[in-house]
Amino acid sequence: MIINRKFLLTRIILLTTLVTACGQSEQATPAAKPPTQQEVAEVTQQTPQPKPVQVTEDTRQTYQWYCSQCHGIKGKGDGINAKLLTVPPRNHTKAAYLETRTDEQLFEAIKFGGLSVGRAPCMPAWEHTLEEDAIHSLVRYIRELCDCEAL
Ligand code: HEC
């Protein structure tokens, strides 16, 4: 009986201490404040932002190296192989057509080939030759050639 009482007393003391401690710690926590504009700016600066896709000298060289034999040195669809193909290579300076295609469609055509976007299979797939970054920059380069964006 004595043991039981002692036990009960210990539990009450323990509980009271806990409740007090919790109450105190809650009071001690300062109310959450929204971050200041400066704090937000600092975090944004530290977080790596996705690089905007750019057309570099590498992009132009890649185009000359892999695409120009069909699409032509200036992208007009008049490369040295053009007349041997059953479907003529697309003229990349023709805004009227390229405005009807989204960047994703152009990306897919280059990565997975003409067939993947309902076009001719003589437009090869470049997924095993070119990195995705290079393909994205080729899409930007084609947008430069046609001086157009998707409508
Ligand atoms: C072997 C010749 C050949 C080569 C090399 C080639 N293409 Fe093509 N490409 C074609 C042909 C042909 C078409 C037209 C397909 C059609 O209209 O059905 C085409 C179409 C395209 C299109 C338009 C797809 C659409 O939506 O109509 C894009 C974009 C394109 N090529 C990009 C490239 C890029 C970038 C390269 C180089 C990495 C490249 N091509 C290399 C033959 C080629």
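The values are calculated or read from the model by the stated rules, or taken from the named source; none is laboratory data. This is a predicted model, so every value here is computed, not measured. So basically every Cβ, Gly included, is an ideal-geometry build from the backbone, and we count neighbours across all protein chains shown.
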From the set of residues in region 112-133 that are crowded, with 18+ Cβ neighbours inside 10 Å and under 23 Å from Asp58 (Cα atoms), which is nearest to the ligand (Cβ to nearest atom)?
Met123
Does Ala109 meet the test of being within 8 Å of the ligand (Cβ to nearest atom) and surrounded by fewer than 16 Cβ atoms within 10 Å (Cβ to Cβ)?
no
Just for helices (runs of 4 or more DSSP H) wholly inside region 57-104: which have at least 2 residues that are buried (at least 17 other Cβ atoms within 10 Å of the Cβ)?
57-62, 68-71
Please indicate, with yes or no, whether at least one residue in region 134-144 is within 15 Å of Tyr66 (Cβ to Cβ), touching a Lys or Arg at 6+ places or on another chain (Cβ under 7 Å) and near the ligand (Cβ under 6 Å from one of its atoms).
no
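Kindly evaluate Thr62 against the criterion of being modelled with pLDDT under 95 and among the hydroxyl-bearing types (Ser, Thr, Tyr). Outline the logic, then answer.
Details: modelled with pLDDT under 95: no; among the hydroxyl-bearing types (Ser, Thr, Tyr): yes.
The answer is no for Thr62.
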Cβ-Cβ distance below 6 Å, separation of 6 or more or different chains: which pairs start in region 73-101 with a residue that is over 22 Å from Thr62 (Cα atoms) and end on one that is at pLDDT below 95 and surrounded by fewer than 16 Cβ atoms within 10 Å (Cβ to Cβ)?
Glu99/Leu151
